[in-house]
Amino acid sequence: MLAALLDEYGLDEAEVTMATRFTADLELESIDLVTLAGQLQARWGDRINFAEFVSGMDLDEIIELTVGRLVAYVVERLSPDGQG
């Protein structure tokens with residue numbers, strides 16, 4: 001999903017690792033994260049709730065959000081013992 005989003009912006013050559021930050025490294029804006037959140041929810045339903053995920057973060061944490069942190073959240077929510 002992230003690859004498709006990056007492709008839309010001509011960033012398909014960008015190296016993405018678990019430490020890659022959505023804002024600083026990929027230069028994505030909040031609307032792009034909303035788009036990604038919508039794609040995640042469309043794929044996995046209410047088990048992936050991006051708004052809930054970021055609700056406990058302060059602004060600096062959201063700005064510094066990494067691919068790895070989002071991946072960890074998705075994995076946790078999709079695991080058999082996850083809360084989703």
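What the table below lists for this structure:
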item: Flag if V54 is in a helix (DSSP H, G or I) and surrounded by 12 or more Cβ atoms within 10 Å (Cβ to Cβ); result: yes
item: Test for T17: is it in contact (Cβ under 8 Å) with a residue 12 or more places away in the chain, polar (S, T, N, Q) and surrounded by 13 or more Cβ atoms within 10 Å (Cβ to Cβ); result: no
item: Any hit, the range 29-50, residues being assigned to a loop (DSSP other than H, G, I, E, B), closer than 20 Å to D7 by Cβ and within 13 Å of the chain's Cα centre (by Cα); result: yes
item: Residue match in the range 26-44 (condition: modelled with pLDDT of 90 or more, surrounded by fewer than 16 Cβ atoms within 10 Å (Cβ to Cβ), of a type in the set (S, T, Y) and within 17 Å of L65 (Cα to Cα)); result: no
item: Residue satisfying condition, being part of a loop (DSSP other than H, G, I, E, B), hydrophobic (A, V, I, L, M, F, W, C) and touching a Gly at 6+ places or on another chain (Cβ under 9 Å), within set A19, A24; result: A19
item: Members of the range 62-76 found to be within 13 Å of the chain's Cα centre (by Cα) and part of a helix (DSSP H, G or I), listed by number; result: I62, I63, V67, G68, R69, L70, V71, A72, Y73, V74, V75
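The values are calculated or read from the model by the stated rules, or taken from the named source; none is laboratory data. The structure displayed is predicted, hence computed values, not measured ones. Because the Cβ atoms are built from the backbone with ideal geometry, glycine has one as well, and the counts that use them run over all protein chains shown.
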